[in-house]
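Report on one structure; see the data block that follows.
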Amino acid sequence: MKGLSDTSPDAMRVLIDCYRRMTPARRWKLMGDEYKFARSLHTCGVRSRNPQATDGDVLREWVRFKLGQGPWSPHLRFDMQGQPIENQETIRFVIGVLETEGIGYAVGGVARVVDPRRHALHR
């Protein structure tokens, strides 16, 4: 693993081994929980810096933080707060933008864009 870490190599090996032993469903659930937690922390941070921030403001900051500027920027809509990811209209909209821009994507399941031979969980 590259980059800064306060986790020892031995502890990281144990963690990776634990993830390898988990079912895909369990890893998917953990990933969802971690995503929701990250969004909550982000929301708290935005609202602590700007108590008048709307849900749309929080979402705009999240998208800018995670995606930055790109060909998707003009296509983003921030009027769908509170909608679950399962919302078919949203999924269709995102797929349409990705296809228009010629950007590869995967919906549901494991994205095959990442070479599993290079991913730590698959070694």
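Each reported figure results from applying straightforward, stated rules to the coordinates on display, with no laboratory input. All values derive from a computational prediction rather than experimental measurement. Note that each Cβ is placed from the backbone with ideal geometry, even for glycine, and that neighbours are counted across all protein chains shown.
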**Asked** What is the extension gain from Leu4 to Leu30, computed as 0.36 nm multiplied by their sequence separation minus the C-alpha to C-alpha distance, in nm to one decimal?
**Response** 7.1 nm
**Request:** Report the label-to-label distance for Gln52 and Val97 in nanometres (one decimal), using points 7 Å from each Cα along the Cα→Cβ vector.
**Result:** 2.7
**Message:** Residue by residue through the range 10-22, what is 3J(HN,Hα) from phi via Karplus (6.51 cos²θ - 1.76 cosθ + 1.60, θ = phi - 60°)? Round to whole Hz and write x for glycine and proline.
**Reply:** 5, 5, 5, 4, 5, 4, 4, 4, 4, 5, 4, 7, 6
